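Structure first, commentary second.
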């Protein structure tokens, strides 16, 4: 899952949006974080672990050609955000533009948002990254942006063409898997509260 899905799941589970965003950026132990942020980071990591080992996702990754298999996880994270954005009305009562603006406001006003995430949230808001996932051009920009941060960008560049080729299978997997992810996130969040 990428930014949109993690923020959506945080909203559904009423956990920290800042923690959901920080899950990819706070490395190692996070016991020293404020409780709400700690829960959000923990939930983000639980969701990632659940998805990364899910048989449906592993099967889909095996369909990626050549060197794209090495970056299939990154590409699928973005493809899932794309399909979530395109089918948003099935998963959330707020229209996507309103949810995006609400998320940007919450993130940028949260004093617990770690410093390494604040610049990211600002860029995300200014470029409406979350809303742009609904469009193929936005997905391509996201892939290009991440590729530029890799030491070997060629492992990701052009990945949008693979996503287009595999789109029916990706959509089928997303449609089947995302409700399971919602259930998992809800149960995990409830479990955290009982710890």
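Worth pointing out:
- For region 1-52, the helices (runs of 4 or more DSSP H) that sit wholly inside it and include 1 or more residues that are surrounded by fewer than 19 Cβ atoms within 10 Å (Cβ to Cβ) and within 16 Å of the chain's Cα centre (by Cα) are 3-13, 35-52.
Yes/no per residue for (1) buried (at least 20 other Cβ atoms within 10 Å of the Cβ); (2) within 17 Å of the chain's Cα centre (by Cα):
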residue	(1), (2)
65	no, no
82	yes, yes
91	no, yes
94	no, no
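- Checked against the criterion of being closer than 23 Å to residue 27 by Cβ and touching a residue at least 24 places away in the same chain (Cβ under 8 Å), region 82-89 has no qualifying residue.
- If the condition is being farther than 19 Å from residue 170 by Cα, part of a helix (DSSP H, G or I) and in contact with a helix residue (DSSP H, G or I) (Cβ under 7 Å, 6 or more places away or on another chain), then region 53-106 contributes 96, 97, 100, 103, 104, 106.
No value in this document is a laboratory result; all are computed from the given coordinates. If you're wondering where the values come from, they're calculated on a predicted model, not measured in any experiment. Don't worry about glycine lacking a Cβ; one is built from the backbone with ideal geometry, like all the others, and counts go over all protein chains shown.
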